Amino acid sequence: MANDDYNNVDEDDDEWEHSDAKKLLKGDLLSGKIPLDGEGMTPQEAYLQRPEFIASDPKYKRFPNRLRALREQLIAKNDRADEDREALLHDRKLHPIPERNHRGELRWEGSEVQRLLRLDMDSGKHKTMKPSELYQSREEYNDKDKGYPLEVFRQHIHQEVRKRKFDKYLTMKREKKDREEKEKREKKKEQKKKEQENKEKKKEAEKKKMAEKQKKEREKQEKKKKKQQEMEEKKKKKELEKKKKKEQQKNKANRKTCKRCGGTDHSMVTSSKCKHHHEYLEEKKKK
């Protein structure tokens, strides 16, 4: 039983690790909907925030530990991020990023032109307009001080297209991996379910077999008991018959025979005359 409980815990933890409930809880902690420091909201209040949390742990046994573990993980991650940020700021102070490149142009990364170009590409303008037309559509693109030459602008369009294609590829690859992992988990879950069903069937079959064996054993015992009872009854009957025969023989031996009439009577008047014969002789005399 202990091993079964342990396996169930492992299975539940594996499901939680890839569940939507965990993703939602992580998002709520990062957004501040559920306090990351645990102040102002109890675990049970957090548990009631979403139906997915309740569905993932209907009996409210593992949610408090899961919430605590996720909080600790995010706090540790935030601490490391703060340390990295401070280190980066320190490096930037020592080695600041130059505002312009070797050609005297403003740094592209983080520039206003980059932001505007991405907005135009989000709306699909790069698909309906030539790079030169898109370049002339905004003053910021061709501004002498803050803008860029057409050739540089065109290269950044192509670069952004490649980046978006690559991002899309990575997203599709990640989704495919997530899908495969989900299918793998479902298959594993289905296999465990099937194994559990087979185990239950086997257990039920063994139980049925044991019940049949016990039934046969009871029938055998009852048959044996019945046979013993019959033998005892026969023995008693035989003993009674023997006793009766013995009594009959004894009674026969105790009876006396009248020498005159040949009759038998227990109440003999004399050793040679029975009662009936004596009465007969008395009546004859009277006559």
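Structure notes:
- Filter pass, Arg85 being loosely packed, with under 13 Cβ neighbours inside 10 Å and within 48 Å of the chain's Cα centre (by Cα): yes
- For Leu116, the requirement of being farther than 30 Å from Met41 by Cβ, of a type in the set (A, V, I, L, M) and touching a Lys or Arg at 6+ places or on another chain (Cβ under 7 Å) is met.
- Tabulated pairs, the range 94-123, first in the same structural domain as Lys146 (by TED's automatic domain parsing) and closer than 21 Å to Asp145 by Cβ, second at pLDDT below 75 and outside any loop (DSSP other than H, G, I, E, B), C-beta under 7 angstrom, 6+ apart or interchain: none
- Each residue in the range 68-82 was checked for being small (Gly, Ala, Ser) and either farther than 21 Å from Asp13 by Cβ or surrounded by 15 or more Cβ atoms within 10 Å (Cβ to Cβ) (or both), and 1 pass.
- The single condition among (1) outside any loop (DSSP other than H, G, I, E, B); (2) within 30 Å of Gly104 (Cα to Cα); (3) not small (Gly, Ala, Ser) that Lys144 does not satisfy is (1).
- Applying the condition of being polar (S, T, N, Q) and part of a loop (DSSP other than H, G, I, E, B) to the range 92-117 and asking which residue is nearest to the chain's Cα centre (by Cα) yields Ser111.
- Within the range 54-91, if we keep just the residues that are part of a helix (DSSP H, G or I) and either acidic (Asp, Glu) or not assigned by TED's automatic domain parsing to the domain that holds Ser31 (or both), the residue that is farthest from Leu29 (Cα to Cα) turns out to be Asp91.
- Considering Lys189, Lys176, the condition of being in the same structural domain as Lys125 (by TED's automatic domain parsing), without any contact (Cβ under 8 Å) to a residue 60 or more places away in the chain, of a type outside the set (A, V, I, L, M) and surrounded by 10 or more Cβ atoms within 10 Å (Cβ to Cβ) is satisfied by Lys176 alone.
- Of residues in the range 44-67 being of a type in the set (Lys, Arg) and touching a residue at least 12 places away in the same chain (Cβ under 8 Å), the one surrounded by the most Cβ atoms within 10 Å (Cβ to Cβ): Arg66
- Hits in the range 39-53 - residues which are of a type in the set (D, E, K, R), part of a loop (DSSP other than H, G, I, E, B) and more than 24 Å from the chain's Cα centre (by Cα): Glu39
The values are calculated or read from the model by the stated rules, or taken from the named source; none is laboratory data. Just so we're clear, the structure is a prediction, and the values are computed from it rather than from any experiment. Quick reminder, even Gly has a Cβ in these numbers, built from the backbone with ideal geometry, and neighbours come from all protein chains shown.
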